[in-house]
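Coordinate-derived values only; no laboratory data. Note that the coordinates shown come from a computational prediction; the quantities given were computed from them, not determined experimentally. Virtual Cβ from ideal backbone geometry, glycine too; neighbours counted across all protein chains shown.
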Amino acid sequence: MVLHVDNGMEVQEKHKIDFDFREKLDVIADGFRHNYCYQCGACVADCPSHNYSESFNPRLIMLKTLLGFEDELVQPDSEIWNCTNCYTCSERCPQDVRPVDIIIALKNLCVKTGKAPDSIQKISQAVMESGITTKATSVTERRRQELGLNPMKTYPVEDLKKIVEGE
């Protein structure tokens, strides 16, 4: 929410709820569960990301989805990228809202609109090329051999591409 100064006092500007954004999330998240969030905070209590960084708060992310703060949530530096997708929030939610599903939907929306962080784009590209998140080089293979490890596995990348492309 945007604040401005009026006669020396900070004033909170009114925000109109963006129902279009909520409906978009209904489709992407495959349901309307997020609309049932009553802000109890159970999702925050055991959240490992919140325990590591107090700036990450799944309850506030849910509030922002309810209010329709798409511009804050769907961007490369959004707090959603600090979620580890551990599902603790969903296990704790008394309303079965499944906050992690909403956060994943927001991440997918970022990717779809080209607003994901560069690092995510690079990891996704690596997976599409090799089936793994990091690029294996000749140095990787040589070091694995020195350590007595099996050669890197190959993955059916063409099958993965078919899945991703919806064939």
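For the reader, a short list of remarks on this structure follows.
- What the Cβ-Cβ distance of residue 158 and residue 26 gives, at R0 = 41 Å and to the nearest 0.05, is a FRET efficiency of 0.80.
- Backbone N under 19 Å from the residue 139 label point (7 Å along Cα→Cβ), restricted to region 83-123: 123
- Sequence-separation-based contact order of region 16-70, relative, with Cα cut under 8 Å and 6+ spacing, percent: 51
- Using C-alpha pairs under 8 Å with a sequence gap of at least 6, the mean separation divided by the residue count of the chain gives a relative contact order of 18 percent.
- Cβ-based exposure ranking for 27, 127, 97, in which fewest neighbours within 10 Å come first: 27, 127, 97
- Label-reachable residues, region 143-167, where backbone N falls under 15 Å from a point 7 Å from residue 130's Cα toward its Cβ: 143-145, 151-157
- Rounded to the nearest 20 debye, dipole of the chain from Cβ charges on Lys, Arg, Asp, Glu: 560
- Choice from 48, 151, 117 with maximal GNM fluctuation in the chain (Cα, 10 Å cutoff): 151
- Counting only lysines at least 8 places from residue 153 when in the same chain, those with an alpha carbon closer than 21 Å to its own are 122, 135, 161, 162.
- For volume of the Cα convex hull per residue in Å³, the candidate list reads [x] 106; [y] 115; [z] 177; the entry that matches the value derived from this model is [z].
- The charge dipole of region 16-112, taken about its Cα centre with unit charges on the Cβ of Lys, Arg, Asp and Glu (plus for the first two, minus for the last two), comes to roughly 120 debye.
- By the beta-carbon count within 10 Å of each Cβ, the least crowded to most crowded order of 36, 155, fewest first, is 155, 36.
- Shape class for region 118-165, computed from the alpha carbon gyration tensor (a ≥ b ≥ c): oblate, with a/c not under 1.5 and a/b at or below b/c.
- For region 103-152, trypsin sites (Lys or Arg not before Pro) are listed when DSSP marks them as loop and at most 12 other Cβ atoms sit within 10 Å of their Cβ; the list is 135.
- Relative contact order for region 118-165: 35 percent, from Cα pairs under 8 Å spaced at least 6 residues apart, divided by residue count.
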